[in-house]
Each structure stands twice: as C-alpha cells, then as structure tokens.
Amino acid sequence: LVPATNHSEALRRPIAGLQTGGTTPLAAGLDAAAQLLARERRAHPGVAGEAALLLISDGHGNVGRRPGGHWVQAEIAAAATRLARTPHLRRLLCDTTEPGKADDASHWLAAQLGAHHLPLAELQQAGADPLPHITHWLDQG
C-alpha cells in the first residue's frame, strides 16, 4: 500500500521496485485500500474529484482470512464488490500475468472491481515502459 498522493510521479519509485510472487492476501489488500480511501475522504471532506485505485496483481489470491482455500475466492469477490460500489473511484488493474499464461483471473478481478485492465506483459513485449501508461491513466482517467 502506497500512501495516498495527488502526484502520480510519487508512485514511480514504489512501482518500479515492486516485487511480485509469493503469498497474496488479495482480499485483505483490497480491504486495506478501501480503508485507506475512506480515511482520506474523512480527513479531506472538502476535496472534490475522483480518487484512483491502482492495483498491481495477476488476480490470483492464495491467502485468505479463514483456513481452507475455498474461502479465498469468495473473500476476494466480496472485497472487490465493495470497492466497485465506491463512488467517485477510478480503478486500474495492472495485470502482472506472465506472458503465455492465461489471464482469466486478472480479467475476472478487473470485472469484479469495475476496473480498466492493463496487461503489463503486452506493453513490455512491445518494448514500452508501462510507467508512463500508468501515470497517464492516473492523471487523465
């Protein structure tokens, strides 16, 4: 989680240094983002305009709040649905699915969130730096 900012360039270093892989408590991360957004809106009630959620994921959560893998997907769906209902929130899912692998989970998650889906592998294969695309989306919507 990166602190809320209105300067997209402040995200460059955290995004560039992001490590992927390992365990992913995705539902907990989505809930933490919702809590951060709610805190920021309470702290700055007079600030008008949309907020933006940037989620960097392959859409696969593998750690849930309760034991048993069957709960994980339900928890992710519930957390994503709560964020999708958040007014004045633009959502961008930067898909980290490796080239050649199915990206069904990331498409599903983007749909659950009501998010724009940006496949990072396609940008990288085309030789494009994804950071300008991300910051442009955050700045322009």
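The values are calculated or read from the model by the stated rules, or taken from the named source; none is laboratory data. Just so we're clear, the structure is a prediction, and the values are computed from it rather than from any experiment. For neighbour counting, all protein chains shown are included, and Cβ atoms are generated from backbone atoms with ideal geometry for every residue, glycine included. Each accessible area value is taken on the protein alone, full model and side chains, heavy atoms only, with ligands, DNA and RNA left out. Shrake-Rupley method; radii C 1.70, N 1.55, O 1.52, S 1.80 Å.
What about D139, is it surrounded by 12 or more Cβ atoms within 10 Å (Cβ to Cβ), charged (D, E, K, R) and modelled with pLDDT of 80 or more? Reasoning before the result, please.
Numbers: surrounded by 12 or more Cβ atoms within 10 Å (Cβ to Cβ): yes; charged (D, E, K, R): yes; modelled with pLDDT of 80 or more: no.
So D139 fails the test.
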Which condition number does V72 fail, the rest of (1) open to solvent by less than 30 Å² (accessible area, probe 1.4 Å); (2) under 23 Å from W137 (Cβ atoms) being met? (2)
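Tell me the residue from A52, A110, A77 that is surrounded by 13 or more Cβ atoms within 10 Å (Cβ to Cβ), within 12 Å of the chain's Cα centre (by Cα) and more than 19 Å from A10 (Cβ to Cβ), please. Show your work before the answer.
Working: A52 fails: more than 19 Å from A10 (Cβ to Cβ); A77 fails: within 12 Å of the chain's Cα centre (by Cα).
Exactly one of A52, A110, A77 is surrounded by 13 or more Cβ atoms within 10 Å (Cβ to Cβ), within 12 Å of the chain's Cα centre (by Cα) and more than 19 Å from A10 (Cβ to Cβ), namely A110.
Closer than 19 Å to A110 by Cβ, open to solvent by 30 Å² or more (accessible area, probe 1.4 Å), more than 16 Å from the chain's Cα centre (by Cα) and charged (D, E, K, R): is that true of E40 in this structure? Write out each step before concluding.
On the way: closer than 19 Å to A110 by Cβ: no; open to solvent by 30 Å² or more (accessible area, probe 1.4 Å): yes; more than 16 Å from the chain's Cα centre (by Cα): yes; charged (D, E, K, R): yes.
So E40 fails the test.
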Residues that are closer than 19 Å to H136 by Cα, of a type in the set (A, V, I, L, M, F, W, C) and free of Cβ contacts under 8 Å to residues at least 24 places away in the same chain, drawn from the stretch 100-126: L123, A126
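Could you please find all residues in the stretch 28-37 being under 12 Å from L83 (Cβ atoms) and either open to solvent by 40 Å² or more (accessible area, probe 1.4 Å) or in contact with a Phe, Trp or Tyr (Cβ under 9 Å, 6 or more places away or on another chain) (or both)? Before you say what the answer is, go through the steps one by one.
Of the stretch 28-37, the ones under 12 Å from L83 (Cβ atoms) are 29-37.
Scanning the stretch 28-37 gives a single hit, Q35.
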Qualifying positions in the stretch 91-110 - touching a strand residue (DSSP E or B) at 6+ places or on another chain (Cβ under 7 Å) and among the basic types (K, R): R91
Is it the case that D95 is open to solvent by less than 40 Å² (accessible area, probe 1.4 Å) and of a type in the set (D, E)? yes
